[in-house]
Amino acid sequence: MRAVLPVALLLAALAAIGCSSDTDGSDASAAQPAAAAPTVVVQATATTGPVATSDASAVATATTVPDTTEAEADPTTTTAPAPAPEATASLVLPAVDVPTTVSSIRCAADLSMEEQKVQLVAIAKELFAGKTIEGKNRLKFDPDARDQRSGGIWLTLEFLGNERGTVTQKKAALDSQMRDAYDALFNSGCDQLAWVDLTGIQRAIVKVGQMGETTPVPAPVFKTRLKRAEADSVDWANKGALDFNQIWDELLLNIRWRDALREEAGQ
C-alpha cells in the first residue's frame with residue numbers, strides 16, 4: 001500500500017508537468033505570430049508604402065520647386081529693370097542743361113598770335129557746344145578773335161542761356177557759365193589773350209504782332225568783360241567762392257532783368 005502511493009504520486013506529478021509544457025508551448029506559439037506580424041508589416045511598409053510615398057514626394061518636389069522658382073523669378077525680373085528709365089532720364093537732362101566748363105585745347109608756347117586766335121576760337125566753341133533745354137544752338141555765331149588796339153587778342157562771344165527758372169536763377173546760371181569760360185580761356189596757355197567779352201542772350205523783350213499776339217524775343221541781357229590783369233589776380237582754384245560781379249566789368253544788364261532781380265530780392 002505504501003509502495004503504490006508513491007508511484008501514484010509520481011505519475012500525477014509527471015502528468016502535471018506534461019500539462020504545464022503543453023500550455024506554455026501553446027502560449028508561445030500564439031505570441032510568436034503576433035511578434036512576427038509587426039515585423040512583416042514594417043518590412044511591407046518599408047518596401048511599398050515609404051517607397052511609393054518617397055517617389056510621389058520626389059515627383060511633387062521636382063514639379064513644384066521649378067514652378068515656385070520661376071514664379072518668384074518673374075516678379076524679380078519685371079521689377080528689377082523698373083529704375084532704369086529713371087536713371088536714364090536723370091542722366092540725359094543734365095547733359096542737355098549743363099554746358100562744358102573745361103577744355104582740353106591749349107596753346108603751345110611757340111604759337112604765333114594768329115595761331116593762338118585759332119586755338120582760342122576752338123576753345124570757346126568747345127565750351128559752348130550743344131543746345132539749350134529749348135533745343136536751340138548755344139552759339140548762333142562763331143566766336144571772334146581779333147587784334148586789340150593796345151596789343152594782344154580780343155575775343156568776343158555771344159551765347160544762348162537756358163530759359164528755366166526765375167530771372168535770379170537764370171542770372172546765376174549766366175554768372176557760372178561766364179566764370180568757367182573766363183577760367184578756361186585765360187588759363188589755356190594762350191599768353192597773347194588780352195581781354196574777353198561774353199554776352200548772354202535770353203528772352204527779355206516781347207514782340208507784339210499785328211493781331212495783338214505777343215512773342216518773347218531773345219535779346220542780350222547780360223554782358224561782361226574780363227582783362228588779363230584782373231584774370232591773373234583771380235584765385236581760380238577757389239573760383240566757386242568768389243563773386244565775379246565784383247571782379248569783371250559789367251557792360252550790360254537788361255533793364256527788365258534788373259527790375260525783376262530787384263523784385264525777386266525784395267528790394
| said: If TRP195 satisfies all but one of (1) assigned to a strand (DSSP E or B); (2) open to solvent by less than 20 Å² (accessible area, probe 1.4 Å); (3) out of contact with any Pro (no Cβ under 9 Å at 6 or more places or on another chain), what's the number of the condition it fails? | reply: (2)
| field | Among residues of the stretch 239-265, those that are open to solvent by 70 Å² or more (accessible area, probe 1.4 Å) and free of Cβ contacts under 8 Å to residues at least 24 places away in the same chain, counted | value | 8
| said: Suppose we keep only residues that are surrounded by 12 or more Cβ atoms within 10 Å (Cβ to Cβ) and hydrophobic (A, V, I, L, M, F, W, C) within the stretch 210-238. Which one would you say is nearest to the chain's Cα centre (by Cα)? | reply: TRP236
| message | Condition (residue is closer than 26 Å to ALA241 by Cβ and in a strand (DSSP E or B)) applied to the stretch 207-218: is it met by at least one residue? | response | no
| field | Of residues in the stretch 135-167 being aliphatic (A, V, I, L, M) and assigned to a strand (DSSP E or B), the one nearest to VAL118 (Cα to Cα) | value | ALA145
| Among the residues of the stretch 238-259, is there at least one that is in a helix (DSSP H, G or I), over 27 Å from VAL121 (Cβ atoms), out of contact with any His (no Cβ under 7 Å at 6 or more places or on another chain) and acidic (Asp, Glu)? | yes
| request: Assess whether ALA184 counts as being among the hydrophobic types (A, V, I, L, M, F, W, C), at pLDDT 95 or above, closer than 24 Å to ARG149 by Cα and within 35 Å of the chain's Cα centre (by Cα). | output: yes
| query | Residue check: is GLY189 assigned to a loop (DSSP other than H, G, I, E, B) and surrounded by fewer than 13 Cβ atoms within 10 Å (Cβ to Cβ)? | reply | no
| message | Considering only residues that are touching a residue at least 60 places away in the same chain (Cβ under 8 Å) and open to solvent by 50 Å² or more (accessible area, probe 1.4 Å), which ones fall in the stretch 163-178? | response | ARG164, THR166, THR168
| field | Candidate set: the stretch 119-133, residues that are touching a residue at least 24 places away in the same chain (Cβ under 8 Å) and of a type in the set (A, V, I, L, M); chosen: the one nearest to ASN162 (Cα to Cα) | value | ILE133
| task | Could you pull out the residue among LYS117, LYS170 that is within 17 Å of ALA219 (Cα to Cα) and in a helix (DSSP H, G or I)? | result | LYS170
| said: When the residues of the stretch 129-141 are narrowed to those that are surrounded by 12 or more Cβ atoms within 10 Å (Cβ to Cβ) and among the basic types (Lys, Arg), which ends up nearest to the chain's Cα centre (by Cα)? | reply: LYS131
| said: I'm checking my understanding of the structure. Among residues of the stretch 142-162 that are within 21 Å of ALA129 (Cα to Cα) and in contact with a helix residue (DSSP H, G or I) (Cβ under 7 Å, 6 or more places away or on another chain), which one is surrounded by the fewest Cβ atoms within 10 Å (Cβ to Cβ)? | reply: ASP142
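The values are calculated or read from the model by the stated rules, or taken from the named source; none is laboratory data. From a predicted model like this one, the values you see are computed outputs, not experimental measurements. No Cβ is skipped: glycine too gets one built from the backbone with ideal geometry, and neighbour counts run over all protein chains shown. To get the accessible areas, we keep the full protein, side chains included, count just its heavy atoms, and leave off ligands, DNA and RNA. Shrake-Rupley method; radii C 1.70, N 1.55, O 1.52, S 1.80 Å.
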